[in-house]
Every structure is written in structure tokens, then in C-alpha cells.
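Here's the structure, in C-alpha cells; my notes come after.
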């Protein structure tokens, strides 16, 4: 049976997933127009995205944002602890950013700036998702997870 809590988690997940997906799409366009031009070692990697690969990455980004939204709602509950909120963003952002580096086989740290950019972009996407979730809760479009203990 679907409970109110599950519906609220679904709403949080959809909101965060959509926000994350749009932010990730904008960043991918930024990669192709700016980052690949300014950093030669990324130019081949970042400009070889075909449409099918781009759609797969966008779908994965949406699913990642969805999972973040569901988890974030549970993490913060009714607390107003900014450390908890920041910690969730950084935990998800660093994990995704470092996995991107690992999966793209970017282990050569001779030039740290592109790597830091990828990690920062990941954190930024989760931060935007958090911002929209917090706004949804503030405007009562979403309900925080209730402690029943």
C-alpha cells in the first residue's frame, strides 16, 4: 500500500531528479563549448559525446538526482541543521565527482584544474537539487520526513 510518506519521497525524488538533470545538461553544453576548448587534454573526451551517449548520461543524472532527493528528505527530516544539509550535498557530490574521474580513467594528476572542475560541477548539481528541495519544503509543496519515534 502506498503511504503518504512514500508519495512525498517520490515527489522529492522527481523534483531533485529533474533539477539535477537540467543542471547536468547545461554543464554538458558548457563542456562542449568552453571546457573542451580551454583544456586540450579533455577536448577529445568531452566532444565525442554522440546523441545516444548524451541521453544515457542525462538519464543517469536524473536517476542520481532522484536518489538524492529521496535520501535528502530522509536525512534532514524536520531538522534545520545546515551541517546535515551540507554534508549530504558534499557526500553525494564528492562521490559522484570522484567516480566520474575513475570511470573516465582520468587518473593523471599532472593538471588538477580540469579534475577539480568536474568534482565542483557534481557538487553544484547536488546543491541546486538541495536548493529546490528546500524551497519545496519551505513553500509546503513537499513535506519533510516525519519522525514517528
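The values are calculated or read from the model by the stated rules, or taken from the named source; none is laboratory data. Just so we're clear, the structure is a prediction, and the values are computed from it rather than from any experiment. Ideal geometry is used to build each Cβ from the backbone, glycine not excepted, and the neighbour counts take in all protein chains shown.
Within the option set 15, 54, being surrounded by fewer than 16 Cβ atoms within 10 Å (Cβ to Cβ), part of a helix (DSSP H, G or I) and either in contact with a helix residue (DSSP H, G or I) (Cβ under 8 Å, 6 or more places away or on another chain) or modelled with pLDDT of 90 or more (or both) holds for one residue only, 54. For beta carbons closer than 6 Å, sequence separation of 6+ or different chains, a first residue in region 74-86 that is on the phi < 0 side of the Ramachandran plot and a second that is surrounded by 14 or more Cβ atoms within 10 Å (Cβ to Cβ) and assigned to a loop (DSSP other than H, G, I, E, B), the qualifying pairs are 74/145; 78/144.
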